[in-house]
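Every read-out reported here was derived from the displayed coordinates using simple, explicitly stated rules and does not represent laboratory data. Since the model is a prediction, treat every value here as computed from it, not as a measurement. FYI the Cβ positions are ideal-geometry reconstructions off the backbone, even for glycines, and counts take in every protein chain you see.
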Amino acid sequence: MVRRKPGSLLPLEVHILEAGLELQAAGSDFYGFALARKIAERDGAGGLTAHGTLYKALGRLSDAGLLESSWEDVALSEAEGRPRRRHYRVSGAGARALAASRAGRPVTGAEPGTAFA
């Protein structure tokens, strides 16, 4: 298990932010399964051992304000005969956190005083 150093992102969180920004550049919001495919395509497994690992990381990043999320319209998922998707976007704070991580600077969340510790 990888332990978090104070003020840093875990490798999986870096992979999520990088892949999320790529998906956003190519279209718009992204959802968990599309993100998992993109991470695997870019980086191999990228530390992703199970989808539960991915969704826990998405929750941490959302709680810190580094991702924004919303549920898609129920009618769309029902029309396609599948479960509803939670859509994500890398926030401005998420892009700044990724840049700080790449530069070796401490990473802070979107909320004042919130740090990845």
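Determine the relative contact order of region 11-103: mean sequence separation of Cα pairs under 8 Å and six or more apart, normalised by residue count, in whole percent. That works out to 34 percent. Using the Cβ of Lys38 as centre and a radius below 15 Å, the other residues enclosed give a net charge of -2, where K and R count +1 and D and E count -1.
Packing around the peptides 15-21, 37-43, 65-71, taken as the average count of other Cβ atoms within 10 Å per residue, puts them in this order, highest first: 15-21, 65-71, 37-43.
Peptides 88-95, 55-62, ordered by how many other C-beta atoms sit within 10 Å of their residues on average, highest first, read 88-95, 55-62.
In this label model, Glu72 and Gln24 are separated by 1.9 nm, measuring between points 7 Å along each Cα→Cβ vector. Here the gap between Arg82 and Lys56, fully extended at 0.36 nm per residue and compared with their Cα-Cα distance, gives a gain of 7.2 nm.
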